[in-house]
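Data first, discussion second: the structure below is written as structure tokens.
The values are calculated or read from the model by the stated rules, or taken from the named source; none is laboratory data. These numbers were taken from a predicted model, which means no experiment stands behind them. FYI the Cβ positions are ideal-geometry reconstructions off the backbone, even for glycines, and counts take in every protein chain you see. Accessible surface areas use protein heavy atoms only, side chains included; no ligands, DNA or RNA. Shrake-Rupley method; radii C 1.70, N 1.55, O 1.52, S 1.80 Å.
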Amino acid sequence: MTEPSAWDGEIVRKWLESRFAAARSEQASADRQGRSAEGDFDKATAEEFVCRAAMVHGATDDQAKFADRLKALLDQDEYRHAGAHDDRRFEREVRSYLRKLIKMTKANSGFENRLRYQ
């Protein structure tokens, strides 16, 4: 079994920035598709919300600090975003994306993959 690589906050920050940009693009695409793509829009909006909240100054510099930030976000009672079509679906997608990021942070893997669709 290979040993996980050392935490690199710069890679994590760039990954968050690339996912943020991809989420914005996915929102625009879903918005053009209309009512049938509202679920996709809310999912992309949730990803954008999480990436923005996770990119607070200095949070990505330390793995433990970043994990604590993600857990604090997950522990929130509710999430508000003016553009979401369905608040419950948006909150569900936020929690799902936060859990994914927490797993990635614990394993310290996946942040090097900056492909648009993941």
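When the residues of region 74-88 are filtered to those that are charged (D, E, K, R) and open to solvent by 60 Å² or more (accessible area, probe 1.4 Å), the one that is nearest to residue 54 (Cα to Cα) is 75. For beta carbons closer than 9 Å, sequence separation of 6+ or different chains, a first residue in region 16-27 that is touching a residue at least 60 places away in the same chain (Cβ under 8 Å) and a second that is assigned to a helix (DSSP H, G or I) and among the aliphatic types (A, V, I, L, M), the qualifying pairs are 19/50; 22/44; 25/44. Being open to solvent by less than 60 Å² (accessible area, probe 1.4 Å) and more than 16 Å from residue 73 (Cα to Cα) holds for only one residue in 59, 23, 46, 54, and it is 23.
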